[in-house]
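Engineer: A single structure is presented below for examination.
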Amino acid sequence: MIRGNRLVAVLALVLVGTVLAVPVTSSPADARDERGRVEPTVRVATFNASLNRPAAGDLRRDLSTPSNAQARAVAEIVQRTRPDVLVLQEVDHDPEALRLFQRNYLERGQQGADPVRYRYTFTAPVNTGVPTGLDLNGDGRTDGPDDAYGFGAFPGQYGMAVLSRYPIDEKHVRTFQKLLWKDMPGNRMPQGYYSPEAVDVLRLSSKSHWDVPVRVGRRSVHLLVSHPTPPVFDGPEDRNGRRNADEIRFWADYTGPAREARWIRDDRGRPGGLQRGASFVIAGDLNSDPVDGDSLPGATHQLLDLRRVNTSLTPSSDGAVEAARLQGGANLSHRGDPQFDTADFSEPPGNIRADYVLPSADLDIRDARVFWPVQADPLSRLTGTYPFPASDHRLVWERHTQRGVGAVSGGAGRRGRRGGRPRARSRRRGRPRGRGCCARGASGARHCRR
Ligand SMILES: [Ca+2]
Ligand SMILES: [Ca+2]
Ligand SMILES: [Ca+2]
């Protein structure tokens with residue numbers, strides 16, 4: 001399935017590139033704006049790749065040769081899905097390891113797949129494994145993985161990274177690693193559980209929260225990257241469930257009206273949230289299913305219910321439906337549709353939707369998939385069954401265009417059927433479709449109802 005699509009895509013790129021002389025960075029399904037200029041469609045993926053290791057330095061060692069089986073499977077999944085922008089979770093923070101992963105894995109074709117090269121990368125320190133010096137879990141010791149700002153055996157375990165074919169506007173990256181949980185108004189920190197010393201130093205983010213602007217043509221798309229803590233591994237106080245919900249809520253405040261973002265300070269001390277009307281894509285493992293599992297009820301709905309978030313299409317797969325049927329158990333009593341599951345978890349909670357790509361309402365979703373092939377598909381060897389060849393999570397991707405932009409005429413017919421229309425027709429259509437309707441103001445800026 002993916003192989004076939006990729007062949008069509010490559011042929012389309014050749015055709016479009018020849019006839020229309022688009023820049024080489026454009027992808028095959030590129031669209032055109034109202035003046036006929038090429039507006040790229042951008043394939044954005046999030047993948048909890050499980051490239052974490054028990055000790056600092058282990059990952060670098062594993063990636064220093066091209067023969068690590070798990071890293072090869074992770075790389076092949078990326079090569080089969082070919083995202084333009086890839087957000088990774090659970091990759092131990094080590095810029096050298098990230099470089100080795102690119103050189104020794106992504107940039108080498110795996111099992112007949114074409115290599116993939118990301119010219120731009122971003123990574124930064126995270127809170128996992130950074131000691132607080134306090135006994136946060138009450139076991140009498142201050143040096144456990146649970147006593148760190150985020151659960152981890154060493155600083156940087158379970159880190160994050162962004163790889164991109166489009167330029168990353170590093171100057172305008174904002175990180176929120178050190179933001180304090182107590183500074184969030186109306187936060188859900190459990191009352192009476194933490195010592196006053198702990199309350200004063202606890203950070204909101206279990207890893208980090210990043211705003212990474214990516215330049216796509218003439219516009220900027222802000223990747224809003226995070227990996228909230230799993231809501232489990234705690235007690236009746238539900239400290240992790242509460243933190244998970246507040247970590248997710250951060251993006252609602254950050255993308256919301258200025259008054260809701262007033263409390264936010266980035267790691268350089270600059271206040272406030274995202275500029276009104278800016279395009280964004282929330283991407284990451286949010287560790288929370290909309291209806292199943294152990295997270296706080298409504299945790300993801302803090303984002304899914306926002307008019308400024310486009311949820312018109314949810315990434316899905318046939319493989320997840322098949323897995324739920326074959327595995328049975330808790331999966332059979334889940335309320336969520338199994339086609340939206342993104343993680344193959346043992347019970348509890350069973351398979352859930354944990355990984356999200358959520359664009360702002362000014363972006364159209366052209367396609368949305370979870371890479372979870374059915375067992376009859378030869379590529380199911382990459383997702384497999386426990387112990388997994390790559391990860392217990394699945395790569396999730398969506399393809400976005402700026403809302404109201406028509407598809408390049410003469411491009412692949414497949415795209416035309418998916419909602420891309422000839423330019424003239426798209427102009428006549430006037431106001432964009434769907435929820436979170438955006439309009440162009442007198443200044444030309446986009447305004448989205450919040
Ligand atoms: Ca402890
Ligand atoms: Ca809990
Ligand atoms: Ca499920």
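Derivation of every value follows stated rules applied to the coordinates shown; laboratory data play no part. Note that this is a predicted model, so its numbers are computed, not measured. When we count neighbours, we look across all protein chains shown, and the Cβ atoms used for this are built from the backbone with ideal geometry, even at glycine.
Engineer: Of (1) closer than 29 Å to Asp392 by Cβ; (2) in a loop (DSSP other than H, G, I, E, B), Ala161 satisfies all except one. Which?
Structural biologist: Against the list (1) closer than 29 Å to Asp392 by Cβ; (2) in a loop (DSSP other than H, G, I, E, B), Ala161 comes up short only on (2).
Engineer: Also, I was wondering about something else. Take the residues of segment 125-148 that are assigned to a strand (DSSP E or B) and within 13 Å of ligand 1 (Cβ to nearest atom): which is nearest to the chain's Cα centre (by Cα)?
Structural biologist: Among those that are assigned to a strand (DSSP E or B) and within 13 Å of ligand 1 (Cβ to nearest atom), it is Ala148.
Engineer: While we're on this one: Can you pull out the residues in segment 123-161 that are surrounded by fewer than 23 Cβ atoms within 10 Å (Cβ to Cβ), in contact with a strand residue (DSSP E or B) (Cβ under 6 Å, 6 or more places away or on another chain) and touching a residue at least 60 places away in the same chain (Cβ under 8 Å)?
Structural biologist: The answer is Ala124, and nothing else.
Engineer: Could you say whether any residue in segment 253-262 is surrounded by fewer than 23 Cβ atoms within 10 Å (Cβ to Cβ) and more than 27 Å from His400 (Cβ to Cβ)?
Structural biologist: So far as segment 253-262 goes, yes, one or more of its residues are surrounded by fewer than 23 Cβ atoms within 10 Å (Cβ to Cβ) and more than 27 Å from His400 (Cβ to Cβ).
Engineer: Asp367: crowded, with 20+ Cβ neighbours inside 10 Å and either of a type in the set (Lys, Arg) or away from ligand 2 (no atom under 16 Å from the Cβ) (or both), yes or no?
Structural biologist: Answer is no for this residue.
Yes or no, residue by residue, for (1) touching an Asp or Glu at 6+ places or on another chain (Cβ under 6 Å); (2) of a type in the set (Val, Ile, Thr); (3) away from ligand 2 (no atom under 16 Å from the Cβ):
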position: Pro228; (1), (2), (3): yes, no, no
position: Gly235; (1), (2), (3): no, no, no
position: Arg239; (1), (2), (3): no, no, no
position: Arg242; (1), (2), (3): no, no, no
position: Ile264; (1), (2), (3): no, yes, yes
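Engineer: Restricting to segment 333-353, and then to whatever is away from ligand 2 (no atom under 16 Å from the Cβ) and touching a residue at least 60 places away in the same chain (Cβ under 8 Å), can you tell me which residue is surrounded by the fewest Cβ atoms within 10 Å (Cβ to Cβ)?
Structural biologist: For segment 333-353, the residue satisfying everything is Ala343.
Engineer: Quick check on segment 226-270: of everything there that is among the polar types (S, T, N, Q) and outside any helix (DSSP H, G or I), which residue is nearest to ligand 3 (Cβ to nearest atom)?
Structural biologist: The selected residue is Thr229.
Engineer: Among what's in segment 289-301 and is surrounded by 19 or more Cβ atoms within 10 Å (Cβ to Cβ) and within 18 Å of the chain's Cα centre (by Cα), pick the residue that is nearest to ligand 1 (Cβ to nearest atom).
Structural biologist: In this case the residue turns out to be Ala299.
Engineer: Which condition number does Ala368 fail, the rest of (1) touching a helix residue (DSSP H, G or I) at 6+ places or on another chain (Cβ under 9 Å); (2) free of Cβ contacts under 8 Å to residues at least 60 places away in the same chain; (3) more than 16 Å from ligand 3 (Cβ to nearest atom); (4) not in a loop (DSSP other than H, G, I, E, B) being met?
Structural biologist: (1)
For (1) among the basic types (Lys, Arg); (2) within 16 Å of ligand 2 (Cβ to nearest atom); (3) within 21 Å of the chain's Cα centre (by Cα), each residue gets a yes or a no:
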position	(1), (2), (3)
Gly150	no, yes, yes
Gln157	no, no, yes
Met160	no, no, yes
Arg165	yes, no, yes
Glu170	no, no, yes
Gln177	no, no, yes
Met184	no, no, no
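Engineer: Additional query: Only one of Gly277, Gly273 is part of a loop (DSSP other than H, G, I, E, B) and touching a Cys at 6+ places or on another chain (Cβ under 8 Å); which?
Structural biologist: Exactly one residue qualifies, and that residue is Gly277.
Engineer: Scan segment 310-322 residue by residue and report those that are hydrophobic (A, V, I, L, M, F, W, C) and surrounded by fewer than 23 Cβ atoms within 10 Å (Cβ to Cβ).
Structural biologist: Leu313, Val321
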